[in-house]
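Report on one structure; see the data block that follows.
The values are calculated or read from the model by the stated rules, or taken from the named source; none is laboratory data. Here the structure is a predicted model, which is why all the values come from computation and not from measurement. As a convention, Cβ positions derive from the backbone with ideal geometry for all residues, glycine included, and neighbour counts pool all protein chains shown. Each accessible area value is taken on the protein alone, full model and side chains, heavy atoms only, with ligands, DNA and RNA left out. Shrake-Rupley method; radii C 1.70, N 1.55, O 1.52, S 1.80 Å.
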Amino acid sequence: MRRRKSMQNFWADYSWFVIIFFGIGALILGYIGFCKNGLALGADRTILDNLYLTLGLISLNTGAVPPPVSWELQVARFAVPAVTAYTAFLAFTTIFIQQTDRVRLLFIRDQVVICGLGRKGFRLANQFLALDYPVVVVEVDEGNDWIENIRSAGAVVIQGDASDPELLNKLRLDRAHILIAVVGDDGVNAEIAVQAEELSQAHASGCLNCIIHISESRLWHLLREKELQAHNNPHFRLELFNIYNRGAHLMVQENPPWEIKSNSQTPRVLVIGLGKMGQRVVLEIARDWQLLDPEEGDRIDLTLVDREATRKLGGLLTQHHRLEKVGDYAALDLDI
């Protein structure tokens, strides 16, 4: 089973390379076969003549030649048309599936539109499908490995740039229930929200709930103002979320380091990895420690391990001046 799955993944990733390789190989064999056939018949063919005859194999026009027919030409007479037919079949299937998805858009209502088919988008789409919501996924990358998986699960997949207002308009947002933007770029997510608010004016009734993921803290605060302003539009509601903020909050709430603190011990925390999640954990620990209202001089002790721990710690202290007031920090530049 695992081997078959591995072969399926390989074919999905490299099928076009394999087809092109065999197609070129078949054409080369055909050219060699026509050269041999011309020499055997004493025909005065030029290089261009043989090339023309070879290319004619694609449309089954030149394969019937007087004998002798070499094995190279025999193989090419079947291989070239087979590759051509298979390529045409794949192209037709792809176009047919895409057009079918666009037709399905005409008949669905109260759909959940998810922009971005990364890890977050894929999980969200599966969860909504499990709850029997109609799901429309917008993904710009045609080679995304999850497209076929989520399409087979029942979602409508539209390929294109979700920040394009023309594409958003085709998604029938006037009948959508929820729009979720989880593209990997915060700027694109924000642009989707702006375009969606303009299109929401076409809502005859109800409200479009637009939920966007923002990971950069400064952009988050700027968009918070937009989130409040959106309440003036009865057909549009904007919500921001950040999986790093939420995840860090839950992690610290469930595992507070000061719970095991005795009167003679300073809480000590080791954070390995200072990516977006690790940095949010540090900020959440500092915030919650400050909310405990510790005694004067009672500070939390944090050791931070990362390849660039010193640089990242410096950035945190620069952006969040209160960190220095609540804790002592040790940065270890180690390859974890």
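Quick one, can you get me the convex hull of the C-alpha atoms of segment 109-165 expressed as volume per residue in Å³?
Measuring per residue, one finds 72 Å³ for the Cα hull of segment 109-165.
Quick one: order Asp174, Asp161, Asp335 from most to least accessible surface, probe 1.4 Å.
The ranking, largest first, comes out as Asp335, Asp161, Asp174.
For every helix of n ≥ 4 consecutive DSSP H residues, a contribution of -39,500 (n - 2.57) applies; sum these over the chain, divide by its total residues, and give [θ] at 222 nm rounded to the nearest 500 deg cm²/dmol.
Calculated from helices alone, the mean residue ellipticity at 222 nm is -17500 deg cm²/dmol.
Using just the C-alpha positions of the chain as equal point scatterers, what log10 of I(q)/I(0) does the Debye formula give at each q in 0.09, 0.16 1/Å?
Values returned for q = 0.09, 0.16 Å⁻¹ are -0.73, -1.22.
Quick one: which of 316-323, 68-75 comes out on top by average Cβ neighbours within 10 Å, and what's the full order, highest first?
68-75, 316-323
At a 1.4 Å probe radius, carbon and sulfur cover how many percent of the accessible area of segment 268-320?
So the carbon and sulfur contribution to the accessible surface is 49 percent.
What is the packing order of peptides 146-153, 237-244, taking the mean over residues of other C-beta atoms within 10 Å and listing the highest first?
237-244, 146-153
Residue by residue through segment 160-172, which ³J(HN,Hα) values in whole Hz follow from phi under the Karplus form 6.51 cos²θ - 1.76 cosθ + 1.60 (θ = phi - 60°), with glycine and proline marked x?
x, 7, 5, 7, 6, x, 5, 5, 4, 5, 6, 7, 6
With a 1.4 Å probe and all protein chains left in place, how much accessible area per residue does the chain have, in Å²?
60 Å²
How big is D for segment 282-322, in µm² s⁻¹ as a whole number, if Stokes-Einstein is applied with the Kirkwood radius of its Cα pairs at 37 °C and 0.692 mPa s?
Answer, rounded: 286 µm²/s.
With Cβ to Cβ distances under 13 Å as the rule, what net charge do the other residues near Lys312 carry (K, R +1; D, E -1)?
+1
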